[in-house]
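*Asks:* Sending over a structure as structure tokens; questions will come in a sec.
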Amino acid sequence: MKQAFLFLILILISLLTGFAQNEESLNITKIWDEAPHNAFPDMIRFQDHFYVAVREGNNHMPDNSGRIQIIRSKDGDEWEKVGLLEKEDMDVREARLSVTPEGKIMVLTAVGIYDKGYKVLYPMVSFSNADGGSFSPLQKATMDMKPSLDWIWSLTWHEEIGYGIVYQIKPGGWEVHLLKTKNGIDFEHVSQLPIDGNPNESTIRFDKEDKMVVLVRRETSDKMGVLAKSAYPYTNWDFTKLTVRLGGPNFLFFGKNDLLIGTRDYRDTGAKTVLHRTDREGNIEKTIEFPSVGDTSYPGMLYYKNKLWMVYYSSHEDKTSIYLSKIPLKSLRK
């Protein structure tokens, strides 16, 4: 009896120690909460600073309060405002950040008018000056496609070409198309990705063989995410259905064989922000859960000094706020 009791105590100590170590390895701090609703962040590193774009507004849903606040920090602790992007009487949604071949920060966002559904929706862009200290007013991007309700959700530069997936909201079903740009303003059609289930938010990465890998959210049917792959010129596609839903999907290559996928995890008890380590086919090998609940996710991710830096938003402390986590890469390999 005494031995059994001691054994249970040791198990409890082990579990508590493991939990404490996991919480410590996440190293999470709140970095922004100035607006009533602070959400949909993205992050890059530029000119020895971290930059984060935050959609500030009155609430999650589209209204004319939405605007993009851009903040930066040298160390991830102290943050300053460097840009504010607004459009009068319109809602400015989440922004994705990238660095152009000319050495400027590009801010890609969608701007719309919403009334029980989008009445107007189109992509807009802004660019920083050379040192990242200021940003140009928003300007409308162009596409050589028939306009619809259009959202180029993110952009990835490769060999001096920017690639993004536009999702078009159409009455007969949503479509996703690969676009490319040389200047970040004018976009050309490359190919359609034939994915069902109202595909939408998509993040693009390139492996060392120049193969394009796209992580795609789906909104209907079984709602499971999709990994799409294509070799240059990115017109023929292979697809792998994932076993999880996605929300605000982002990912990075991790080592030779794995991916790190940051996303919203949908649960009966409420959504959580999680990080999945998967193989190249999206099979989950490990999942890390972050302090989060309900209105949450949309991680921005980058590697810096042997750590994964990840920003996300969450409402677990009542008010939706932006959080930064710095995770040692060695803890992700276990």
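The values are calculated or read from the model by the stated rules, or taken from the named source; none is laboratory data. Bear in mind that the values here come from a model prediction, so they are computed numbers and not experimental data. Neighbour counts are summed over all protein chains in view; Cβ atoms, including those assigned to glycine, are modelled from backbone coordinates with ideal geometry. These area figures cover heavy atoms from the full protein model, side chains too; ligands, DNA and RNA do not enter into them. Shrake-Rupley method; radii C 1.70, N 1.55, O 1.52, S 1.80 Å.
*Asks:* Pick out the one residue from Glu34, Glu56 that is assigned to a strand (DSSP E or B), farther than 29 Å from Lys182 by Cα and among the charged types (D, E, K, R).
*Replies:* Going through Glu34, Glu56 in turn, just one is assigned to a strand (DSSP E or B), farther than 29 Å from Lys182 by Cα and among the charged types (D, E, K, R): Glu56.
*Asks:* Scan (1) open to solvent by 10 Å² or more (accessible area, probe 1.4 Å); (2) part of a strand (DSSP E or B); (3) closer than 28 Å to Thr109 by Cα for the single condition Lys286 breaks and write down its number.
*Replies:* Condition not satisfied by Lys286: (3).
*Asks:* Just to be sure before I move on: is Phe187 in contact with a Pro (Cβ under 9 Å, 6 or more places away or on another chain), over 24 Å from Thr263 (Cα atoms), in a strand (DSSP E or B) and aromatic (Phe, Trp, Tyr) in the structure I sent?
*Replies:* Judged against the criteria, Phe187 is a match.
*Asks:* In addition: Taking into account only those residues within region 67-113 that are part of a strand (DSSP E or B) and among the polar types (S, T, N, Q), which is surrounded by the most Cβ atoms within 10 Å (Cβ to Cβ)?
*Replies:* For region 67-113, the residue satisfying everything is Thr109.
*Asks:* Oh, and also: Please go through region 266-283 and pick out each residue that is open to solvent by 30 Å² or more (accessible area, probe 1.4 Å) and assigned to a strand (DSSP E or B).
*Replies:* Lys272, Arg277, Asp279 - these are the residues of region 266-283 that are open to solvent by 30 Å² or more (accessible area, probe 1.4 Å) and assigned to a strand (DSSP E or B).
*Asks:* So which pairs qualify, if the first residue must be in region 90-117 and farther than 14 Å from Asp42 by Cβ, the second must be among the hydroxyl-bearing types (Ser, Thr, Tyr), the Cβ gap must be under 7 Å, and the two must be at least 6 apart or on different chains?
*Replies:* Asp91/Tyr114; Lys104/Ser128; Val111/Tyr122; Gly112/Tyr118
*Asks:* Could you grab me the full set of residues in region 289-321 that are assigned to a loop (DSSP other than H, G, I, E, B) and either surrounded by fewer than 22 Cβ atoms within 10 Å (Cβ to Cβ) or aromatic (Phe, Trp, Tyr) (or both)?
*Replies:* Phe290, Pro291, Val293, Gly294, Asp295, Lys305, Asn306, Ser315, His316, Glu317, Asp318, Lys319
*Asks:* Also, I was wondering about something else. Out of all the residues in region 231-243, is one or more under 17 Å from the mean Cα position of the chain (by Cα), open to solvent by less than 40 Å² (accessible area, probe 1.4 Å) and not β-branched (Val, Ile, Thr)?
*Replies:* No, the conditions are met nowhere in region 231-243.
*Asks:* Right, next: Which residue pairs have Cβ atoms closer than 6 Å, lie 6 or more positions apart in sequence or on different chains, and pair a first residue in region 290-309 that is within 18 Å of Asn59 (Cα to Cα) and among the small types (Gly, Ala, Ser) with a second residue that is open to solvent by 10 Å² or more (accessible area, probe 1.4 Å) and in a strand (DSSP E or B)?
*Replies:* From residues that are within 18 Å of Asn59 (Cα to Cα) and among the small types (Gly, Ala, Ser), the pairs are Ser292/Lys272; Ser297/Arg264.
*Asks:* Are there any pairs with C-beta distances below 7 angstrom linking a residue in region 65-78 that is hydroxyl-bearing (Ser, Thr, Tyr) to a residue that is assigned to a strand (DSSP E or B), with the two at least 6 apart or on different chains, and if so which?
*Replies:* Ser65/Gly57; Ser73/His49; Ser73/Phe50
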